[in-house]
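Asker: Just dropping this structure here.
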Amino acid sequence: MTTATAPTWSDVRFPAMGSTARLLVLGGPPDLPERARARLAWLEARWSRFEPTSDVSRVNAAGGRPVVVSPETFEVVALAIDCWRATAGAFDPTVLDALERVGYDRDFAAVGSSTVDREVPAPARPAPGCAGIELLPRLPAVRLPPGVRIDLGGIGKGRAADLLAGELRAAGADGVCVDLGGDVRVTGTAPEPAGWRVLLDRAVAPHPGFLLAEGGVATSTRLRRRWTRGGTEQHHLVDPASGDPARTGLAAVTVVAAHTAGAEVLAKAAFVAGPEAGPELLRTHGVTGLLVADDGSVRELAGLGSFRA
């Protein structure tokens, strides 16, 4: 006679994609967390602009020639272009030159270790946009116009969280939470009957968090990745229209959406759009969230109450 045993939870943390990853996995084969860690490392090796042999670095260095990439890279680049169009350019993966101009030209751990850089940045230029990027699905390959380079940092983390959550469920997990430095994807059976309790960094967004049955949460903030260059505080959320870090009176935007990649893109786009246009952008895309102003005040958008923790 055999007796059924309840599935057990795994809870692991490790560095990945420039942040700390946390995986909560219920049930499934015992090696799922290790498989997930290896999968994240594989994705990072293809999407990181700091890895000279990554797909992204090879595409950026190709000088206008098409570059064969992995299917995962092709899909995330195609997604980034779609999001650029859908947000009328408020989200733009072609801001890499602008990021490097203000000092984010190496892994952030190295940027943050030297907070004062006396070199004054060169004059800002708008991001070139995605109109000239060519996708060749049969290879698959990506061709960037000369002078255009991409960064998949934020959307890459969101897409990785979505991919990993789906792959772990397909491999037998009953419930999964993937947290990549605040980009969170939850799916399946939760630790408590009410759903997955997603907490925010209270230093960034003073809010009790959310309860989700399924979906993604992402926060874009100027408070985490910031440094000084030329006597001016800089951060990584660049306004594509100007090429400078966005200064709109917002400190952070958090979005709740069906998928983490979408939440990440829309949080960044709403941050760039600012406190007036940002909420309308989120409403138009059928998502909700909250905005934190520079003075720390919090504005909850319509629909957020249904997710209150």
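Asker: Can you pull out every residue in the range 1-27 that is at pLDDT below 95 and either touching a His at 6+ places or on another chain (Cβ under 9 Å) or assigned to a loop (DSSP other than H, G, I, E, B) (or both)?
Answerer: Of everything in the range 1-27, those that are at pLDDT below 95 and either touching a His at 6+ places or on another chain (Cβ under 9 Å) or assigned to a loop (DSSP other than H, G, I, E, B) (or both) turn out to be Met1, Thr2, Thr3, Ala4, Thr5, Ala6, Pro7, Thr8, Met17, Gly18.
Asker: Could you list, in sequence order, all residues of the range 230-249 that are surrounded by 20 or more Cβ atoms within 10 Å (Cβ to Cβ) and farther than 30 Å from Glu75 by Cβ?
Answerer: Within the range 230-249, Gln234, Thr248 meet the criteria.
Asker: For the range 4-18, name all the residues that are surrounded by 17 or more Cβ atoms within 10 Å (Cβ to Cβ) and touching a strand residue (DSSP E or B) at 6+ places or on another chain (Cβ under 7 Å). Step through it out loud before you land on a result.
Answerer: Narrowing the range 4-18 to residues surrounded by 17 or more Cβ atoms within 10 Å (Cβ to Cβ): 10, 16-18.
Result: Ser10, Ala16, Met17.
Asker: Looking at the range 178-193 only, could you name the residues that are free of Cβ contacts under 8 Å to residues at least 24 places away in the same chain and open to solvent by 70 Å² or more (accessible area, probe 1.4 Å)?
Answerer: Kept after step one, since they are free of Cβ contacts under 8 Å to residues at least 24 places away in the same chain, are these residues of the range 178-193: 190, 192-193.
Matches in the range 178-193: Pro193 only.
Asker: Restricting to the range 213-262, count the residues that are more than 26 Å from Pro128 (Cα to Cα) and polar (S, T, N, Q).
Answerer: Count: 1.
Asker: Does any residue in the range 15-30 that is on the phi > 0 side of the Ramachandran plot come within less than 8 Å, Cβ to Cβ, of a residue that is open to solvent by less than 50 Å² (accessible area, probe 1.4 Å) and basic (Lys, Arg) six or more places away or on a different chain, and which pairs are these?
Answerer: Close Cβ pairs satisfying both conditions: Met17/Lys157.
Asker: Another question about this same structure. As an exercise: evaluate Arg37 against (1) over 24 Å from His236 (Cβ atoms); (2) assigned to a loop (DSSP other than H, G, I, E, B); (3) of a type outside the set (A, V, I, L, M); (4) free of Cβ contacts under 8 Å to residues at least 40 places away in the same chain and give the number of the one condition it does not meet.
Answerer: Answer for Arg37: the failing condition is (2).
Asker: Of the residues Phe74, Phe50, which is open to solvent by 10 Å² or more (accessible area, probe 1.4 Å) and either touching a strand residue (DSSP E or B) at 6+ places or on another chain (Cβ under 6 Å) or not in a helix (DSSP H, G or I) (or both)? Break it down stepwise before answering.
Answerer: Working: Phe74 fails: either touching a strand residue (DSSP E or B) at 6+ places or on another chain (Cβ under 6 Å) or not in a helix (DSSP H, G or I) (or both).
Within the list Phe74, Phe50, the selection yields Phe50.
Asker: Restricting the range 28-47 to residues that are in contact with a Leu (Cβ under 9 Å, 6 or more places away or on another chain) and charged (D, E, K, R), which is least open to solvent (accessible area, probe 1.4 Å)?
Answerer: Arg39
Asker: Which of the residues belonging to the range 10-64 are over 21 Å from the mean Cα position of the chain (by Cα), over 22 Å from Val186 (Cβ atoms) and among the hydroxyl-bearing types (Ser, Thr, Tyr)?
Answerer: Within the range 10-64, Thr53 is the sole residue that qualifies.
The values are calculated or read from the model by the stated rules, or taken from the named source; none is laboratory data. Small disclaimer: the values here were computed from a predicted structure and weren't measured. When we count neighbours, we look across all protein chains shown, and the Cβ atoms used for this are built from the backbone with ideal geometry, even at glycine. Ligands, DNA and RNA are excluded from the accessible area calculation, which covers all protein heavy atoms including side chains. Shrake-Rupley method; radii C 1.70, N 1.55, O 1.52, S 1.80 Å.
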